[in-house]
Amino acid sequence: MAWFKREKGAIENPTPVDERSVRTEGLWTKCSSCRAIIWKKDLEANWEVCPKCDHHFRLDARRRLELLLDDENWVEYDADLASNDPLHFVDTKPYAQRLKDAQEKLGVKDAILTVEGRLAGRPVICCSMEFGFIGGSMGAVVGEKVTRAIERSLAQRQPLVIVSCSAGARMMEGAVSLMQLAKVAAALARLDEARVPFISILTDPTTGGVSASYAMLGDLNISEPGAMIGFAGPRVIEQTIRQKLPEGFQRAEFLLEHGFLDAVVPRKELKSYVAQALGFFLDSP
Ligand SMILES: [Zn+2]
């Protein structure tokens, strides 16, 4: 049976990622949807949308801002806000180490960028989530940055656009993460009372505590084709309700059909769609 057992050292000291990627990283990539071989530069130039089948790959937080905003002259807020690991949480490795690794790898302090910039000439407050940072999870920092963005939006009476991409609340901050849901939702209620528009863009994936708070509280909730959106995973739901889930469950198109979304917009039309919607909210007499 010895060969079934994984050597302890094999897990702790795998081939260094750098070595592996140097050997295998090519100029080409395979589309996970249609299996077409695509030149990486083509995919990049096409905003990470497969030129063959229109499959929408994930976009990182910064590229997302480049897609939506007019130029890169945006002002970033609260860039230095970082978690202090309130629970001193340890799972397979200490949370403090996870944070440090993600910060070093991505050059950001947490899973969201909050900026002020221009969208089709109009000043907006824009938040963009980074899935690469611990699954885009929402802990105290994400909750606080979103709340401050909402408050800024309210004080300056500038529309708010939040792009969600998240696995949900951050388990390593436990109840502190869950409290963010109420905090953000309360701030959004104030924004709503002041009649400042908020457009929520739900991208693949938007789940858990993020879908259960600000992502679903937009004046408009829009998504990209094929995006996975939900609260709990399909297996958990099937086991709870003891029923087979329908085809396409938790995909953007299914949610649109059932009234949970206002629109599914292809990435290339996203900016013009948001610009038009803001015009509708703000320019009508
Ligand atoms: Zn494809």
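The values are calculated or read from the model by the stated rules, or taken from the named source; none is laboratory data. Owing to the predicted nature of the structure, the values given are computational and were not obtained by experimental measurement. Using ideal geometry, Cβ is built from the backbone for each residue, glycine included, and neighbour counts are taken over all protein chains shown. Accessible surface areas use protein heavy atoms only, side chains included; no ligands, DNA or RNA. Shrake-Rupley method; radii C 1.70, N 1.55, O 1.52, S 1.80 Å.
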| task | Go through (1) open to solvent by 50 Å² or more (accessible area, probe 1.4 Å); (2) more than 16 Å from the ligand (Cβ to nearest atom); (3) in contact with a strand residue (DSSP E or B) (Cβ under 8 Å, 6 or more places away or on another chain) and name the single condition I125 misses. | result | (1)
| message | Out of D80, D70, D54, I need the residue that is closer than 24 Å to I150 by Cβ, open to solvent by 70 Å² or more (accessible area, probe 1.4 Å) and at pLDDT 95 or above. Which one? | response | D80
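Residue-wise test of (1) under 17 Å from T207 (Cβ atoms); (2) touching a Ser or Thr at 6+ places or on another chain (Cβ under 7 Å); (3) at pLDDT 95 or above.
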{"position": "Q243", "(1), (2), (3)": "no, no, no"}
{"position": "P246", "(1), (2), (3)": "no, no, no"}
{"position": "F249", "(1), (2), (3)": "yes, no, no"}
{"position": "F260", "(1), (2), (3)": "yes, no, yes"}
{"position": "K271", "(1), (2), (3)": "no, no, yes"}
{"position": "A275", "(1), (2), (3)": "no, no, yes"}
{"position": "G279", "(1), (2), (3)": "no, no, yes"}
| note | Of the residues in the range 52-106 that are among the small types (G, A, S) and out of contact with any Cys (no Cβ under 9 Å at 6 or more places or on another chain), the one that is nearest to the ligand (Cβ to nearest atom) is A102
| task | Go through the range 149-189 and give me each residue that's part of a strand (DSSP E or B) and touching a residue at least 40 places away in the same chain (Cβ under 8 Å). | result | V161, I162, V163, S164, C165, S166, A169
| field | Tabulated pairs, the range 32-44, first assigned to a helix (DSSP H, G or I) and more than 7 Å from the ligand (Cβ to nearest atom), second of a type in the set (F, W, Y) and modelled with pLDDT under 95, C-beta under 9 angstrom, 6+ apart or interchain | value | K40/W28
